[in-house]
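A short write-up of the structure that comes next.
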Amino acid sequence: VKSRSEVEVIVDRILSTILQIDSTSLSGSAREVTPSWTSLIHIEIFFVLEEEFDIRFDEDSMAFAESRNDLVDAVLEALS
Amino acid sequence: MTSQDSALNLSIKIDDHYWLESQSKVLLGALSRIEVTELARQTNHVENTDHQTLRIWRNFAIEPIESWIKAIGNYWNLDYELQFMGYDDSFSFLGVDNFNDRTIEVLFIDRDRYRMDPDEFNDWLSGVELRIGQLSKKQVICIVINDQINYRINSEPVGAVINTGKQTLFDSRYEKTSGSRLTAIAYSAIARDLAGAWAPSIFAPPKKLLVVDLDFTLHDGILGELQNEVVVSNEFLSLQKELLVAKARGFLLAIISKNDLGDVLKLIETHPGYLLKENDFVAIEASWDAKHEAMQRILQLTRIHHESVVFIDDNPVELLQMKSIFPGMSVVSAKEGPEVSMQTLQFVPGYRRAKTDGLADIRKGDLISNEARRSLIDNGLKSYYSAASPVLKVLVSNEHCLDRLVDLGKRSNQFNLLIRRMEKSSYQEDNAVFVGLGLIDRFSDSGVIGGMVVSRSPQETRCVVEEMFLSCRVLGRGLETALLCQGMLAAIDCLGASDIEVSWVIAERNQPALDWLGSCILSEVPTENGTLSISRQTVSSLSIPPEGVICEISK
């Protein structure tokens with residue numbers, strides 16, 4: 001079982017690689033203010049998260065996640 | 001190990017080893033997506049890259065293929081750029097006119113978006129493919145998604161990916177987010193097939209020769225005096241079957257093994273599990289020489305450029321040494337077993353082709369006959385002409401040889417003056433004639449081994465060579481000049497011209513064509529692109545075949 005902080009570290013690493021942004025600025029990052037977070041990168045993020053954590057998101061989690069914190073919540077929910 | 005081998009070992013860098021070690025991971029989809037993202041952004045392995053644009057026409061989201069395509073491209077030094085067009089269910093291609101040689105048109109069609117019945121859909125799809133094919137004057141790749149992933153090139157099905165227990169291609173959970181039901185596995189499978197196989201089948205020099213090691217590559221165990229130490233398990237048998245399939249598709253096969261020749265021949269002929277036999281190979285190089293020396297001998301025998309070769313071996317040092325001597329050669333590691341090497345082979349650019357050429361037997365017959373020819377030629381060309389009675393064949397605008405000519409024109413690299421890779425429609429233009437060139441002698445019928453397209457110039461008395469090529473398989477018989485000039489002469493007469501304009505380009509691999517120009521047409525081998533006008537009279541005098549050689553011209 002992974003803690004929230006462990007999940008945050010992995011999610012941040014993934015987001016900084018995919019979005020090509022500095023990991024220190026990720027905690028507050030939201031889709032609407034991150035130009036590289038396009039709708040098609042959005043699905044790429046979920047592909048990577050499912051692979052990294054070996055989980056399956058439900059349809060709504062993917063469709064409505066709008067920020068780094070939403071992603072962390074979605075991962076924790078899927079892990080639980 | 002020779003001192004040359006030691007020097008080669010030193011020249012192999014750590015990143016070369018990493019490149020080889022990661023081969024199956026990259027090509028068989030075993031990288032994580034985050035690794036793919038990172039690899040896609042890396043600079044290429046060497047600076048010499050081949051730039052290709054894939055223009056994507058689609059009616060659904062396909063962008064997740066991009067990182068995989070770039071990663072595979074980086075692996076093979078192919079610089080892929082993807083140009084995504086807007087969603088369009090009609091595939092009308094309106095307003096687009098910037099078609100060029102460096103762009104391959106790729107259609108992605110989700111079948112579920114159409115209510116047509118199967119026949120209606122197929123007719124519509126063929127029309128779409130025809131339209132973009134006519135606009136681009138190139139082969140078109142079409143990927144249709146229904147309950148599987150189907151690949152077509154120029155309307156012909158060439159392959160498919162199906163849903164299996166191991167790989168789920170579709171998942172409706174993704175549809176709301178991406179507009180497509182494709183899974184990550186499906187995107188990576190499409191990217192690997194497109195970047196490693198189908199796109200290169202259009203632009204990359206085709207592979208022609210597969211050279212394989214024996215121990216731990218074609219069989220398990222070490223061949224020595226005791227054959228019973230050699231085991232051909234089902235996995236190795238599958239690889240042997242794949243090589244036979246490749247042979248049937250037109251590939252030549254050869255062996256390079258550090259073993260005694262007698263042991264190798266005995267193994268192949270008598271081992272009950274061995275599917276491949278001696279006559280499946282154009283060359284069996286079994287010796288204790290360095291493998292690159294054996295490869296050099298095979299290249300000389302087959303007259304195949306090293307870029308058209310795939311070398312399969314389980315020893316990374318042998319593979320990297322070969323690559324350091326022949327940088328353009330593709331190498332496949334057999335270290336992880338025959339199943340992996342067989343799958344990896346599928347993603348070597350130039351290995352898979354949309355069509356088989358059906359010419360393997362002709363090519364092999366020619367090579368086998370070369371031994372007999374060589375012994376005559378060693379006594380002088382005159383003795384070859386008198387004993388072998390060569391016949392030059394000139395086929396003027398003969399539709400029967402057109403497909404073969406178009407194919408040969410696209411494949412010929414070494415003896416090719418202009419390398420325009422013209423499509424069939426350009427051969428058939430009203431103001432042009434195409435000429436097929438063939439060669440027969442007592443030993444073999446080499447079939448159509450060269451050709452040219454000649455058009456009428458706006459200056460009525462002049463015609464222009466648009467394309468001219470010859471297979472290197474037939475060089476060395478002293479007949480190139482007579483054959484090519486007979487072809488030009490036939491074209492000049494057909495177009496009613498009095499002189500012909502011959503142009504050439506300096507390309508990476510067409511030195512044999514430039515050498516020919518330097519020895520027969522120009523006073524020296526050209527070092528820059530150029531054009532020369534030659535009178536009919538000069539062409540006619542150069543076209544006279546040597547004594548003992550006859551020429552047949554037909555339409």
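The values are calculated or read from the model by the stated rules, or taken from the named source; none is laboratory data. Remember, predicted model here, so these are calculated numbers, not experimental data. Reconstructed Cβ throughout: ideal geometry from the backbone, glycine too, with neighbour counts over all protein chains shown. For the accessible areas, the whole protein counts, side chains as well, though only heavy atoms, and no ligand, DNA or RNA atoms are used. Shrake-Rupley method; radii C 1.70, N 1.55, O 1.52, S 1.80 Å.
Looking only at segment B:60-86, filter to residues that are surrounded by 20 or more Cβ atoms within 10 Å (Cβ to Cβ) and away from every other protein chain (no Cβ under 14 Å); which one of those is farthest from B:ASP15 (Cα to Cα)?
B:TYR80
Table: residues versus (1) of a type in the set (S, T, N, Q); (2) touching a residue at least 24 places away in the same chain (Cβ under 8 Å); (3) open to solvent by less than 20 Å² (accessible area, probe 1.4 Å); (4) closer than 30 Å to B:ASN379 by Cα.
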{"position": "B:PRO458", "(1), (2), (3), (4)": "no, no, no, no"}
{"position": "B:LEU475", "(1), (2), (3), (4)": "no, yes, no, yes"}
{"position": "B:CYS494", "(1), (2), (3), (4)": "no, yes, no, no"}
{"position": "B:ALA497", "(1), (2), (3), (4)": "no, yes, yes, no"}
{"position": "B:GLU501", "(1), (2), (3), (4)": "no, yes, no, no"}
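Test of understanding: among B:LEU214, B:LEU194, B:LEU218, B:LEU210, which residue is under 13 Å from B:ILE149 (Cα atoms), in contact (Cβ under 8 Å) with a residue 40 or more places away in the chain, more than 14 Å from chain A (Cβ to nearest Cβ) and among the hydrophobic types (A, V, I, L, M, F, W, C)? First the steps, then the outcome.
Details: B:LEU214 fails: under 13 Å from B:ILE149 (Cα atoms); B:LEU218 fails: under 13 Å from B:ILE149 (Cα atoms); B:LEU210 fails: under 13 Å from B:ILE149 (Cα atoms).
Within the list B:LEU214, B:LEU194, B:LEU218, B:LEU210, the selection yields B:LEU194.
Would it be correct to say that B:ILE104 is within 14 Å of chain A (Cβ to nearest Cβ), among the β-branched types (Val, Ile, Thr) and open to solvent by less than 10 Å² (accessible area, probe 1.4 Å)? Even if it seems obvious, please write down each step before you answer.
On the way: within 14 Å of chain A (Cβ to nearest Cβ): no; among the β-branched types (Val, Ile, Thr): yes; open to solvent by less than 10 Å² (accessible area, probe 1.4 Å): yes.
Considered against the rule, which asks whether it is within 14 Å of chain A (Cβ to nearest Cβ), among the β-branched types (Val, Ile, Thr) and open to solvent by less than 10 Å² (accessible area, probe 1.4 Å), B:ILE104 comes out as no.
Mind telling me which of the residues B:LEU31, B:LEU8 ends up being crowded, with 16+ Cβ neighbours inside 10 Å, at pLDDT below 85 and within 14 Å of chain A (Cβ to nearest Cβ)?
Exactly one residue qualifies, and that residue is B:LEU31.
When A:ILE45 is evaluated against the numbered criteria (1) open to solvent by less than 60 Å² (accessible area, probe 1.4 Å); (2) at the interface with chain B (Cβ under 8 Å from one of its Cβ atoms); (3) within 22 Å of B:ARG41 (Cβ to Cβ), which criterion, by number, is the only one it fails?
Here A:ILE45 clears every test but (2).
Considering only segment B:481-490, state which residues are touching a residue at least 60 places away in the same chain (Cβ under 8 Å) and not polar (S, T, N, Q). Spell out the reasoning first.
We begin by selecting, within segment B:481-490, every residue touching a residue at least 60 places away in the same chain (Cβ under 8 Å); these are B:481-483, B:486-487, B:490.
Scanning segment B:481-490 gives B:ALA482, B:LEU483, B:GLY487, B:ALA490.
In this structure, is A:ARG13 outside any helix (DSSP H, G or I), open to solvent by 70 Å² or more (accessible area, probe 1.4 Å) and within 13 Å of another protein chain (Cβ to nearest Cβ)? Working first, answer last.
Working: outside any helix (DSSP H, G or I): no; open to solvent by 70 Å² or more (accessible area, probe 1.4 Å): yes; within 13 Å of another protein chain (Cβ to nearest Cβ): yes.
No; evaluated as a whole, the condition is false for this residue.
Could you list, in sequence order, the residues of segment A:23-58 that are more than 23 Å from A:VAL1 (Cα to Cα), of a type outside the set (Lys, Arg) and part of a helix (DSSP H, G or I)? Steps first, please.
Applying the first criterion (more than 23 Å from A:VAL1 (Cα to Cα)) to segment A:23-58 yields A:23-26, A:28-44.
From what is left, the residues that are of a type outside the set (Lys, Arg) are A:23-26, A:28-30, A:32-44.
Within segment A:23-58, A:SER23, A:THR24, A:SER25, A:GLU32, A:VAL33, A:SER39, A:LEU40, A:ILE41, A:HIS42, A:ILE43, A:GLU44 meet the criteria.
Just to be sure I understand, how many residues within segment A:17-39 are within 14 Å of chain B (Cβ to nearest Cβ), touching a strand residue (DSSP E or B) at 6+ places or on another chain (Cβ under 9 Å) and open to solvent by 20 Å² or more (accessible area, probe 1.4 Å)? Steps first, answer last, please.
The initial filter retains those residues of segment A:17-39 that are within 14 Å of chain B (Cβ to nearest Cβ), namely A:17-21, A:23, A:31, A:36-39.
After this cut, where a residue has to be touching a strand residue (DSSP E or B) at 6+ places or on another chain (Cβ under 9 Å) as well, the list is A:31, A:37.
Subset that is open to solvent by 20 Å² or more (accessible area, probe 1.4 Å): A:31.
Residues that pass the stated criteria total 1.
Check off (1) away from chain A (no Cβ under 13 Å); (2) among the β-branched types (Val, Ile, Thr); (3) in contact with a Ser or Thr (Cβ under 6 Å, 6 or more places away or on another chain) for B:VAL158 and give me the number that stays unchecked.
So B:VAL158 meets the others, but not (3).
If A:SER61 meets every condition in (1) within 22 Å of B:LEU31 (Cα to Cα); (2) surrounded by 16 or more Cβ atoms within 10 Å (Cβ to Cβ); (3) out of contact with any Ser or Thr (no Cβ under 9 Å at 6 or more places or on another chain) apart from one, which number is that one?
(1)
Among the residues of segment B:42-57, are any at pLDDT below 80 and within 14 Å of chain A (Cβ to nearest Cβ)? Steps first, answer last, please.
Step one: of segment B:42-57, the residues at pLDDT below 80 are B:42-50.
Narrowing the set further to residues that are within 14 Å of chain A (Cβ to nearest Cβ) leaves B:42.
Checked against the condition, which is being at pLDDT below 80 and within 14 Å of chain A (Cβ to nearest Cβ), segment B:42-57 yields at least one hit.
Quick check, is B:ASP89 more than 14 Å from chain A (Cβ to nearest Cβ), in a loop (DSSP other than H, G, I, E, B) and touching a residue at least 24 places away in the same chain (Cβ under 8 Å)?
Numbers: more than 14 Å from chain A (Cβ to nearest Cβ): yes; in a loop (DSSP other than H, G, I, E, B): yes; touching a residue at least 24 places away in the same chain (Cβ under 8 Å): yes.
In short, yes.
State the number of residues belonging to segment A:56-70 that are more than 12 Å from every other protein chain (Cβ to nearest Cβ) and either among the hydroxyl-bearing types (Ser, Thr, Tyr) or closer than 16 Å to B:ARG173 by Cβ (or both).
1
What are the residues in segment B:413-425 that are over 21 Å from B:SER554 (Cα atoms) and open to solvent by 10 Å² or more (accessible area, probe 1.4 Å), if any? Spell out how you get there, then give the answer.
First, pick out the residues of segment B:413-425 that are over 21 Å from B:SER554 (Cα atoms): B:413-423, B:425.
Of everything in segment B:413-425, those that are over 21 Å from B:SER554 (Cα atoms) and open to solvent by 10 Å² or more (accessible area, probe 1.4 Å) turn out to be B:ASN413, B:GLN414, B:LEU418, B:ILE419, B:ARG420, B:ARG421, B:MET422, B:GLU423, B:SER425.
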